[in-house]
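Following: one structure in structure tokens, then a few remarks.
The values are calculated or read from the model by the stated rules, or taken from the named source; none is laboratory data. Small disclaimer: the values here were computed from a predicted structure and weren't measured. Reconstructed Cβ throughout: ideal geometry from the backbone, glycine too, with neighbour counts over all protein chains shown.
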Amino acid sequence: MKLLHSISVAALALSSAVNAASSWTFDEATLQVTGKGAEAAKQKITAGSPVSSSSPIVLPASSTLKVILTAQEGKTGKKPHQAFLTLQEVDSGLEESFAFSVKDNGKGKVDVSSKDLPFQFLTSSKPLKASITIASFGSSTPYNGHAFNLKIENDSSSPPAVPSAPERYTNKPEIHHIFRSDPKSPPTIISLVFTLAVIVTLPGLIGAWLLLGGNFDHLGKAFGASPIAHGLFLGSIVAMEGVFFLYYSSWNLFQTLPAAAIVGTVAYVSGSKALTEVQDRRLAGER
Amino acid sequence: MRLPLLGLLLGLLSFVSALSASGSKLLVVIEDEADKGKYSQFWTDLENRGFQLTYRSPKDASLSLFLHGEPAYSHLLLLPVRAKGLGPALTPNLLVDFVNGGSNVLLALSGEQSVPSAINSLLLELDINLPADRTSLVVDHFNFDSKSAAEKHDVILLPSPEFKKGVKNYFSVDGLIAFPRAVGQVLGNASPLLSSVVKAPSTAYVYNPKEEGESVEDPFATGSQINIVSAFQARNSARFTVLGSAEALEDKWFSASVQLPVPGSKAEKSSNKAFAQKLSAWTFMELGVLKVGQIQHYLNEGSQKGISNTSEVASIDVNPEIYRIKNDVHYSIELSEWEIDHWAPFSPPQGDSLQLEFSMLSPFHRLNLQPKAQTANSTIYTSEFKLPDQHGIFNFFVEYRRPFFTNVEEKRTVTVRHFAHDEWPRSYVISGAWPWISGIWVTVGGWIVFVALWLYSKPAEPKVKTR
Amino acid sequence: MAVDTAVPGADFFFKGESGRNTRGLLRLLILVTIAAAAIAARLFSVIRFESIIHEFDPWFNFRATKYLVNHGFYKFWDWFDDRTWHPLGRVTGGTLYPGLMVTSGVIYHLLRFLTLPVDIRNICVLLAPAFSGLTAWASYLLTSEMSDSPSAGLLAAVFMGITPGYISRSVAGSYDNEAIAIFLLVFTFFLWIKAVKQGSIMWGALCALFYGYMVSAWGGYVFITNLLPLHAFVLICMGRFSARLYVAFTTWYALGTLASMQIPFVGFLPIRNSDHMSALGVFGLMQLVGFAEYIRHQLPSKQFQTLLRAMVLVVFGLAFGGLVLLTVSGVVAPWSGRFYSLWDTGYAKIHIPIIASVSEHQPTAWPAFFFDLNMLIWLFPAGVYMCFRNLKDEQVFIVIYAVLASYFAGVMVRLMLTLTPIVCVAAAMALSQILDQFLVASQPSEPTESTKANGNANGNADIKDKLAAAIPESLRSTKAPLVGIYSYLSKSVITGAVTAYLLLFVLHCTWVTSNAYSSPSVVLASRLPDGSQHIIDDYREAYYWLRQNTKEDAKVMSWWDYGYQIGGMADRPTLVDNNTWNNTHIATVGKAMSSREEVSYPIMRQHEVDYVLVVFGGLLGYSGDDINKFLWMVRIAEGIWPDEVKERDFFTARGEYRVDDEATPTMRNSLMYKMSYYNYNSLFPAGQATDRVRGSKLPAQGPELSTLEEAFTSENWIIRIYKVKDLDNLGRSHQEAVGFEKGNKRKKAGKRRGPRTLRVD
């Protein structure tokens, strides 16, 4: 908006320059870039018609732009109160003015070297817009016109230092947390195959035992000899597995431990009786 | 963070008498009793808006900004003084303490009188620079009032201030505002607390009429880098406004007829009165004051899923201190904005948004809060999201700091714990665990069969001869 | 064995069945007395000071125990501690060894059940002494397995009870894992020996059970995990593989590993960590050897046996290669840093400064051995030597244990603790041998045959026989010895000497306990010129100040040493503590302490620090202060940010670490230096400020702080607490704000040089 505003003001100023007799303007204006590796060609600037914007003036690093002009009020050279060369960075609208040092006869010059420029100008992607303002008090019409475009070339070996952007209160980009991916199970079919393979071992084992002559023929004999001990012992072993199952499915540690202690004690006491019976059988040569 | 809240509370208490959100006592420091009359319209306006004005001269021995160590006034209006200093009651340190105490200051400068050094060093603390020679003016040969300053060009006419996208404009007026003999301020680039309200046009510049009468060779500042009105809002939301032209508040300019020096422009009435009203309203906390109402966060899963749409919210555990990682949560915050004389629902300006951060050391989530509901004087903003998979002590953090709004900084600390031992998926749910589970049960079965075999197996008939 | 007595009636008590009972009763009485002595010796600190938790780690254990007692076991199990390691928090339930707390909790609930409402603090304070009594008993059992002499066990018990090497970690108030772990260590070894000797599944299972308990109690369980397999391995190498060994080891390994995996902190380490691989390897080897033995038994062919042996070796080699491969590929975790530091004493200092910074991880100075073990240290080799004379499976264990533990104790002061039990056992064996020799040995009767005919099965008698046989008949003196070992003179001289040594030992132990190991370190004691005791209680003064004057959730930043104490006594969240699980977080604190204020302040803001606590001993001459620990902070920070913190910058050009006028600018600008010496000048006449620890005169101009303000300084300036300022209200830097407060005019930008800075909206 600022930009628009100043342009409109400039346009108004231009239009007024045509018909008002006592208006500010300049003449005999030249610009020159001096410094290492820069062509020292002078270029003429005329009030009201900017140097073609398609070919901006190039200001290489560590060189100086020199603009000379003669300020005039009406047709006579005169010293204005304000004689500025204003550079504007087009994207951000930032401006910086450099005052001409003007003699009483209106002859003025200004030197702008790249080291005088703010970093935003040095890093600008587009050429800077340079305009000349000549104005003073009283009723004379001021002059403000686009003069030329200026392209800043930086020394590629030492790019300008860009300070970190100052903090401004505004909204910030959104952030969405990226979650770690969940652990993955292998394909169900593989798990199933292995599960099956594991389960098959149980019948396999029992089959192998039976094949090798395992049997439960002494069941009656054992229970006949010490029914309580054997019943309790086998029962407590199964019960212990039951306790484990309950721990797995629903119990907490403090429900499990007493139960396991009771079952364990039963197993220990009855087991010693039952195993004595087994030993008796072994000693009798029946095992 | 507490101070503005306290201020808001006080503001509420004094609701009946004052319309500012932070109290009604306004101290006007004016050097000459005789000058008081120059601003009579402004005073009337302020009094009509509910402020209790106290006029004091800086030389007044009884002048003190503090009472029992607390700021004695909610607001301070400093008009330009001719003396070189401001006296012992208004030293920079005291003024800084005054602002730190949560009070607002409207400082009016004038290019006619040199700026006291106390003001200068005070403004330097805020990173506002004034011209070194202290009597410089802003002048613009393109935008001046051709009626009153046809020769000197030192009455600048500017249209209503405009701001970039996402910044609320509290200062817009119709027509032109006149700034006679303004002192230009240059703002430092670092501070986010500063913002310019009225900038000079790009052809303006600062000059010292005494030394640079003929021409300027090295102006203090040029173009839009010059601020005619700038605003500073401290971290405690206390406001400090610098108005470059005290004259703009005078009755003379409230009803002046002004005209741009451009052919074809018409003379019109200046909008100074409206602007002075808006500027003082903002500075004295009648505008842009935000209030946080209820903040709620709660679990949004299991039986509480989607509960925010129902009326059962009251019955659940709201604002728990501990969550678990990957919990779904609901967060809501209620915000109101003070509009001259009442609390209104707040909505951020176009292009801006209220954001919630869920952060530990750095934000894990930063989400735009969505307005969900509106009450008579507040808007409820909500967001629903899944907590990150990182345990720790996190903050629900809403930090809404924007130019011209009082600061909102609401931190709710919660603990995000890890999965407890019984919150993981059970092993039978995981297909990869099936072989292992079946292995366990095969072992159990094998063991029982083995025990039985061991106990009850009858030896095979001695088919095999022993060795 | 019993000494002949002239009193006929005494025969009833000392001979036969009732004699055995009497001896048993006597032994019990002696053991109970020893336990009582062990407990009593550890109570100095309670009597001198009060019933208070000591040092650093115990404060955490105490806090955890309180949590367990208040919230129950499952809450404790899933405990997420949001008051430490702010803001990361700590999964405390899953990263601690719960054995100690659970033990105290069980005792607490048991006493409640018995209607004895004892404060949990008193249980915690007295747990270590109570368990030291049990340790004495366990070492009695262990030694009794090693030696036939009944006195060996009792001697071992009494040594274990009062030796300073163990007391150092088990005085009342020293509520640390070691308090119960040493008992478990010794008892597990006893059960292992029992299992190996008997080849019993029951003893093996019991051993595994106590091993599991040990795992739940102390990280030092790795010592058992490696020592038992090593014992088994050596036995196999010695060709002593037997079914007993097989049963004992496989039972222990299978059950013990399962038990250890139940501790969340250990989890799958036993199968994923190199530290545990030796046990797994020996387990595999055991199966191989067992299988080979079985085959060999069945097939006695010579060639086949060679083949089999080769096969065993090849399989073992392959398994070992596989393990190396797995380690390299990362499936099995490589050796932990702590483990490396056991082999290379310089390793920790370079790679893990955080471990090296702990004083108890330093190599042991040789006087420490005499200080902690006194006469046992020279009896110890004799005892080990004695094991060689009668080298059964269990003696092999003693030898291996002795060798390993000696090495480790030399590497790390802290591991003196694992050496102590074996020293006690070996020394007791040696001393009992001497005592038995001289107290019991009666003059041999004339002919050798008759002695044999007596059928004395006593081992000592056998030796005597051999001795007698070895001594040439021609030596006159042996026939009617006046000065030989059988004479009362030599007996009394030796007995007297041993008694004197024992008494001196008791004296030494009491003195060491009383003077060196009974200070709570939370409370310091000093002597006034008139000899009376002066208590310096700055720590508690400061912690209670924090507790009473700060917000409930005010975060306190301090060096990690004080984390547990702040958590325990001040009950305030801390950034880092003695559980050094996150090196980066500690390094962050180190960086904040060792950087300039402008660098530290954003770090403190980011971590929401409210207060900073430093320990400063300069006024009192208390050398354990933060300035002396400062270089460790620098080193640890340098490990993470080598570009921002450099140790070199803290030394003068001549390589000196100074705090006076010649201190480097980095040193003088560091936050730690500033906090330590802030306002210190004001205590002294101008220019006279002296640091009594470093013995140097301080710069005339004291340091200035801008981001912190002094909140509290304890009576003797040992603890200084600073409050972190909020950001400046006007957005200035703190330096500028402080300068403004002091009335320094801000320099106005003078004549412009270079480009303007343009304000961007």
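Here is a check on your reading of the model: is B:R235 basic (K, R), within 30 Å of the chain's Cα centre (by Cα) and more than 10 Å from chain A (Cβ to nearest Cβ)? Yes: the conditions hold for B:R235. Condition test on B:S74, is it buried (at least 17 other Cβ atoms within 10 Å of the Cβ) and over 24 Å from C:N744 (Cα atoms)? Here the answer is yes, as B:S74 does meet what is asked. Considering only residues in the range A:204-257 that are among the charged types (D, E, K, R) and part of a helix (DSSP H, G or I), the one that is surrounded by the most Cβ atoms within 10 Å (Cβ to Cβ) turns out to be A:E241.
For the range C:649-761, the helices (runs of 4 or more DSSP H) that sit wholly inside it and include 2 or more residues that are more than 14 Å from chain B (Cβ to nearest Cβ) and farther than 30 Å from B:N236 by Cβ are C:665-669, C:671-677. Checked against (1) at pLDDT 80 or above; (2) within 16 Å of A:A130 (Cα to Cα); (3) within 14 Å of chain B (Cβ to nearest Cβ), A:A11 meets all criteria but (1).
Residues in the range B:209-220 that are facing chain A (nearest Cβ under 9 Å) and either touching a strand residue (DSSP E or B) at 6+ places or on another chain (Cβ under 7 Å) or loosely packed, with under 14 Cβ neighbours inside 10 Å (or both): B:G213, B:E214, B:S215, B:V216, B:E217, B:D218, B:P219. In this structure, does B:D389 turn out to be modelled with pLDDT of 90 or more and either part of a loop (DSSP other than H, G, I, E, B) or hydroxyl-bearing (S, T, Y) (or both)? Yes: the conditions hold for B:D389. Taking the range B:195-208 as the range and being farther than 18 Å from A:Y143 by Cβ and either free of Cβ contacts under 8 Å to residues at least 24 places away in the same chain or more than 8 Å from every other protein chain (Cβ to nearest Cβ) (or both) as the test, the residues that pass are B:V197, B:V198, B:A200, B:V206, B:N208.
Quick one: would you say B:F240 is modelled with pLDDT under 90 and among the hydrophobic types (A, V, I, L, M, F, W, C)? Give the derivation first.
Details: modelled with pLDDT under 90: no; among the hydrophobic types (A, V, I, L, M, F, W, C): yes.
It is false that B:F240 is modelled with pLDDT under 90 and among the hydrophobic types (A, V, I, L, M, F, W, C).
If the condition is being more than 11 Å from chain B (Cβ to nearest Cβ) and either among the basic types (K, R) or more than 19 Å from B:P219 (Cβ to Cβ) (or both), then the range A:93-118 contributes A:N105, A:K107, A:K109, A:S114, A:K115. Checking the structure you have, find out if any residue of the range B:159-181 is closer than 19 Å to B:E250 by Cβ, within 11 Å of another protein chain (Cβ to nearest Cβ) and in contact with a Phe, Trp or Tyr (Cβ under 9 Å, 6 or more places away or on another chain). Checked the range B:159-181: no residue is closer than 19 Å to B:E250 by Cβ, within 11 Å of another protein chain (Cβ to nearest Cβ) and in contact with a Phe, Trp or Tyr (Cβ under 9 Å, 6 or more places away or on another chain).
Of the residues making up the range A:124-169, those that are within 12 Å of another protein chain (Cβ to nearest Cβ), surrounded by fewer than 16 Cβ atoms within 10 Å (Cβ to Cβ) and either part of a strand (DSSP E or B) or among the hydroxyl-bearing types (S, T, Y) (or both) are A:S139, A:S164.
Exactly one residue out of B:H391, B:H421 is in contact with a Gly (Cβ under 9 Å, 6 or more places away or on another chain), over 19 Å from B:N319 (Cα atoms) and within 11 Å of chain C (Cβ to nearest Cβ), and it is B:H421. B:K252 meets the conditions (1) surrounded by fewer than 23 Cβ atoms within 10 Å (Cβ to Cβ); (2) assigned to a loop (DSSP other than H, G, I, E, B) in every case but one. The failed one is (2). Within the range C:346-364, residues that are farther than 18 Å from C:A409 by Cα sit with their Cβ atoms under 8 Å from residues that are at pLDDT 75 or above and hydroxyl-bearing (S, T, Y), at 6+ positions apart or across chains, in these pairs: C:I354/C:T580.
Mind checking which residues of the range C:667-691 are under 13 Å from C:F650 (Cβ atoms) and without any contact (Cβ under 8 Å) to a residue 24 or more places away in the chain? The answer is C:M667, and nothing else.
Of all residues in the range C:66-104, those satisfying the criterion of being crowded, with 21+ Cβ neighbours inside 10 Å and among the aliphatic types (A, V, I, L, M) are C:L68, C:L88, C:L96, C:L100, C:M101.
Taking into account only those residues within the range B:424-441 that are hydroxyl-bearing (S, T, Y) and at the interface with another protein chain (Cβ under 8 Å from one of its Cβ atoms), which is farthest from C:D553 (Cα to Cα)?
The initial filter retains those residues of the range B:424-441 that are hydroxyl-bearing (S, T, Y), namely B:427-428, B:431, B:438.
Imposing the further condition that a residue be at the interface with another protein chain (Cβ under 8 Å from one of its Cβ atoms) reduces the set to B:431, B:438.
Numbers: B:S431: 44, B:S438: 49 Å.
Among those residues, the one meeting the criterion is B:S438.
Pull up the range C:118-148, narrow it to residues that are outside any helix (DSSP H, G or I) and of a type in the set (D, E, K, R), then point me to the one that is farthest from C:I180 (Cα to Cα).
Result: C:D148.
Flag: A:F121 matches the condition of being in the same structural domain as A:S22 (by TED's automatic domain parsing) and either within 30 Å of B:A190 (Cβ to Cβ) or not charged (D, E, K, R) (or both). Considering every residue within the range C:149-158, establish whether at least one is in contact with a Phe, Trp or Tyr (Cβ under 8 Å, 6 or more places away or on another chain), part of a helix (DSSP H, G or I) and within 13 Å of C:S132 (Cβ to Cβ). Checking the range C:149-158: at least one residue is in contact with a Phe, Trp or Tyr (Cβ under 8 Å, 6 or more places away or on another chain), part of a helix (DSSP H, G or I) and within 13 Å of C:S132 (Cβ to Cβ). Pairing each residue of the range B:97-115 that is at positive phi with any residue that is of a type outside the set (S, T, N, Q) and in a strand (DSSP E or B), provided the two are 6+ apart or on different chains, yields C-beta distances under 8 Å for B:G102/B:P71.
Kindly evaluate B:S237 against the criterion of being surrounded by 24 or more Cβ atoms within 10 Å (Cβ to Cβ), among the hydroxyl-bearing types (S, T, Y) and not in a helix (DSSP H, G or I). Steps first, please.
Working: surrounded by 24 or more Cβ atoms within 10 Å (Cβ to Cβ): yes; among the hydroxyl-bearing types (S, T, Y): yes; not in a helix (DSSP H, G or I): yes.
When the stated conditions are applied, B:S237 passes them.
Scanning the range C:137-168 for residues that are of a type in the set (G, A, S), closer than 15 Å to C:F187 by Cα and surrounded by fewer than 24 Cβ atoms within 10 Å (Cβ to Cβ) yields one hit, C:S144. In the range A:175-191 there is at least one residue that is surrounded by 13 or more Cβ atoms within 10 Å (Cβ to Cβ) and more than 7 Å from chain B (Cβ to nearest Cβ).
For the range B:357-378, a tally of residues being more than 10 Å from every other protein chain (Cβ to nearest Cβ) and in contact (Cβ under 8 Å) with a residue 40 or more places away in the chain returns 4.
Within the range C:79-126, can you find the residues that are away from chain B (no Cβ under 14 Å) and among the β-branched types (V, I, T)? Answer for the range C:79-126, where residues must be away from chain B (no Cβ under 14 Å) and among the β-branched types (V, I, T): C:V102, C:T103, C:V106, C:I107, C:T115, C:V118, C:I120, C:I123, C:V125.
Which of the residues that make up the range C:224-247 are without any contact (Cβ under 8 Å) to a residue 12 or more places away in the chain and assigned to a helix (DSSP H, G or I)? If you could, list the steps in order and put the result at the bottom.
Filtering the range C:224-247 down to residues without any contact (Cβ under 8 Å) to a residue 12 or more places away in the chain leaves C:237, C:239.
C:C237, the sole residue that qualifies.
Looking for something within 14 Å of another protein chain (Cβ to nearest Cβ) and either of a type in the set (S, T, Y) or more than 21 Å from B:F385 (Cα to Cα) (or both) - is there at least one such residue anywhere in the range B:301-321? No, there is no match, as no residue in the range B:301-321 is within 14 Å of another protein chain (Cβ to nearest Cβ) and either of a type in the set (S, T, Y) or more than 21 Å from B:F385 (Cα to Cα) (or both).
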